[in-house]
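Encoded as structure tokens, the structure appears first; notes follow it.
The values are calculated or read from the model by the stated rules, or taken from the named source; none is laboratory data. Since the model is a prediction, treat every value here as computed from it, not as a measurement. Here the Cβ positions follow ideal geometry from the backbone for every residue, glycine too, while neighbour counts run over all protein chains shown. Calculation scope for accessible area: heavy atoms of the full protein, side chains included, ligands and nucleic acids excluded. Shrake-Rupley method; radii C 1.70, N 1.55, O 1.52, S 1.80 Å.
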Amino acid sequence: MDSRATADLLKSWALDAGFDRAGVASLEPSAHGEALLRWLARGDQAGMGYLARRIEARLEPARVVPGTRSVLCVAFQYPDMEPEGDLWPRVARYARGLDYHNVMQDRLKVLEARIAGAFPGTVSRRYVDTGPVLERELAARAGLGVPGKNTNLLHPEAGSWFLLGEIFLSLDLAPDVPLADLCGSCTRCLEACPTGALPEPYRLDSNRCISYWTIEHRGPFPPEARERVGDWVFGCDICQEVCPWNTAPEGVVHPELELPPQRAELDLAGLLRLSRDEYVERFRGSPMKRAKLEGLQRNAAVAMGNRGGRRYVAPLAEVLSEGAPLVRGHAAWALGRIGGPEARQALENAWGREEDAAVQEEIRSALEGMKEEEAVPVRL
């Protein structure tokens with residue numbers, strides 16, 4: 001079997017394994033190595049220092065798995081449905097169901113075993129958003145999409161609502177043909193980003209990215225980031241939602257990535273009040289666990305403060321009384337943003353009993369910033 005026939009066979013097996021599209025990429029050095037080095041030198045990776053590790057392998061993918069000669073790349077569509085409520089519409093769509101890492105790894109494992117059975121002695125290794133792999137560049141080489149100005153991969157039928165995985169192989173497979181540019185003169189994503197995280201086409205500044213702050217960042221938000229994240233709780237889809245290629249994406253909807261009932265009933269207040277045991281049970285197998293319970297509750301408090309509304313005062317007051325210090329501090333900020341006599345009373349009550357210095361400072365700052373007659377307008 002020649003390299004093209006072998007590649008076509010393996011791509012058909014990828015579809016059998018449950019993936020929506022598949023393609024083959026070659027392993028020549030990255031064509032965007034200098035851009036990556038400039039991106040890192042500017043500090044656009046923010047606190048994600050791991051992105052600078054094993055940089056030689058990132059720039060030369062043949063080094064990732066010695067002995068491999070090609071990469072079988074796969075795409076996995078995720079739902080574009082819009083749930084109701086004040087929480088789930090502000091959770092990135094890929095993260096509402098089961099963890100895609102596990103879902104895709106299970107399918108790749110089946111595919112890898114099938115390849116090993118048919119081609120004994122094949123060296124292989126599978127990846128899903130892990131390791132020193134520039135997966136978007138490899139997927140673009142494999143014809144699975146073309147980089148958009150928002151740095152997501154775009155496909156003419158699937159838009160950008162899909163995830164990527166790879167199997168590095170020692171097989172000689174004929175590579176696929178990359179797609180042509182899909183963005184043209186369009187700049188909707190750059191204009192729509194509320195934080196300016198896309199300062200120029202094809203560049204993401206993670207320091208200003210809502211997804212970075214709500215997922216990767218640990219500890220308190222600096223003051224300037226609190227308003228930036230708006231009411232997003234985990235990730236952000238704005239630059240994808242405005243993309244004209246996402247108007248009617250095609251592809252199979254995988255139920256594993258849909259919002260399950262045990263989480264769907266949660267709203268912002270419910271998330272803020274969630275006990276650790278409830279969190280472990282409700283978020284079992286969820287990619288949202290990357291932010292950890294305190295991170296999610298920090299995000300929920302900030303979202304409440306940015307949304308406003310008297311209905312949020314009671315849950316914020318509760319967590320200000322009994323939550324973790326990180327959450328208490330952001331609840332104080334949120335109460336200060338909402339304003340009003342009930343919020344002021346909650347802050348004054350907490351001031352008398354608070355022992356954590358950082359939280360004390362948050363309460364003090366919130367009280368000083370509040371003037372009842374000039375409070376942030378509340379929405380019922």
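Over the chain, what is the mean sequence separation of C-alpha contacts under 8 Å (at least six apart), divided by residue count, expressed as relative contact order in percent?
17
With axes computed from alpha carbons, what is the tilt in degrees of helix 292-307 against the longest principal axis of the chain, rounded to the nearest 10 within 0 to 90?
With rounding to tens, the tilt is 60 degrees.
Any chance you could give the angle, 0 to 90 degrees and rounded to 10, that helix 357-369 forms with the longest Cα principal axis of the chain?
Helix 357-369 sits at roughly 70 degrees to that axis.
So what's the angle, to the nearest 10 degrees on a 0 to 90 scale, between helix 341-353 and the longest Cα principal axis of the chain?
Helix 341-353 sits roughly 90 degrees off the main axis of the chain.
So, with +1 on the Cβ of K and R and -1 on the Cβ of D and E, and no other charges, what is the size of the charge dipole of segment 204-257 about its Cα centre, to the nearest 20 debye?
240
Considering amide H positions built from the backbone, and no H for Pro or chain starts, which residues 5 or more places from GLY148, or on another chain, come under 5 Å of its amide H?
Hits under the 5 Å cutoff: LEU153, LEU154.
Compute, for segment 106-193, the length of the dipole vector about the Cα centre, with Cβ point charges of +1 (Lys, Arg) and -1 (Asp, Glu) only. Units Debye, rounded to 20.
Using Cβ point charges on Lys, Arg, Asp and Glu, segment 106-193 gives about 160 debye.
Please list 3J(HN,Hα) in residue order for segment 207-219, calculated via the Karplus relation 6.51 cos²θ - 1.76 cosθ + 1.60 where θ = phi - 60°; whole Hz, with x for glycine and proline.
4, 10, 8, 4, 4, 4, 5, 8, 10, 8, 6, 10, x
For segment 125-157, list residues with backbone N below 16 Å from a point placed 7 Å from the Cα of ARG188 toward its Cβ?
It comes to 148-157, nothing else.
What is the percent carbon and sulfur in the accessible area of the chain, measuring with a 1.4 Å probe over the protein chains and ignoring ligands?
Summing carbon and sulfur atoms, their accessible area is 51 percent of the total for the chain.
Pick from ALA118, ALA41, ALA180: which is most flexible by mean-square fluctuation in a GNM of the chain where alpha carbon atoms under 10 Å apart are linked?
ALA118
Once phi is turned into θ = phi - 60°, what whole-Hz ³J(HN,Hα) does the Karplus curve with 6.51, -1.76 and 1.60 give for every residue of segment 25-31, x standing for Gly and Pro?
10, 7, 10, 5, x, 4, 7
How far is the Cα center of segment 88-140 from the Cα center of segment 1-63, in Å?
What the calculation gives is 12 Å, centre to centre.
Which one, VAL327, VAL177, VAL313, has the greatest fluctuation when you compute a Gaussian network model over the chain with C-alpha springs under 10 angstrom?
Looking only at VAL327, VAL177, VAL313, the largest GNM fluctuation is found for VAL177.
Considering amide H positions built from the backbone, and no H for Pro or chain starts, which residues 5 or more places from LEU259, or on another chain, come under 5 Å of its amide H?
Placed amide hydrogens put nothing under 5 Å from LEU259.
Go through segment 230-244 residue by residue and turn each phi into a ³J(HN,Hα) via Karplus (6.51, -1.76, 1.60, θ = phi - 60°); whole Hz please, and just put x for glycine and proline.
x, 10, 6, 10, 7, x, 6, 10, 4, 5, 8, 4, 8, 6, x
From the residues GLY295, PHE234, LEU72, which one has its Cα farthest along the dipole of the chain in the positive direction, the dipole being from +1 and -1 charges on Cβ of Lys/Arg and Asp/Glu about the Cα centre?
The listed residue farthest towards the positive side: LEU72.
Suppose every Lys and Arg Cβ carries +1 and every Asp and Glu Cβ carries -1, with no other charges. What dipole size does the chain come out with about its Cα centre, to the nearest 20 debye?
On the way: 46 positive and 55 negative charges, 125 e Å.
Computed about the Cα centre, the dipole is about 600 debye.
Please list, ordered by chain and number, the residues whose modelled amide H lies under 5 Å from the amide H of LEU87; skip anything fewer than 5 residues away on the same chain.
Correct list: LEU268.
Let me have the relative contact order for segment 1-149, percent, based on Cα pairs under 8 Å that are six or more residues apart.
34
Please compute the modelled spin-label separation between SER30 and LEU9, points set 7 Å along Cα→Cβ, answer in nm with one decimal.
About 3.3 nm, to one decimal.
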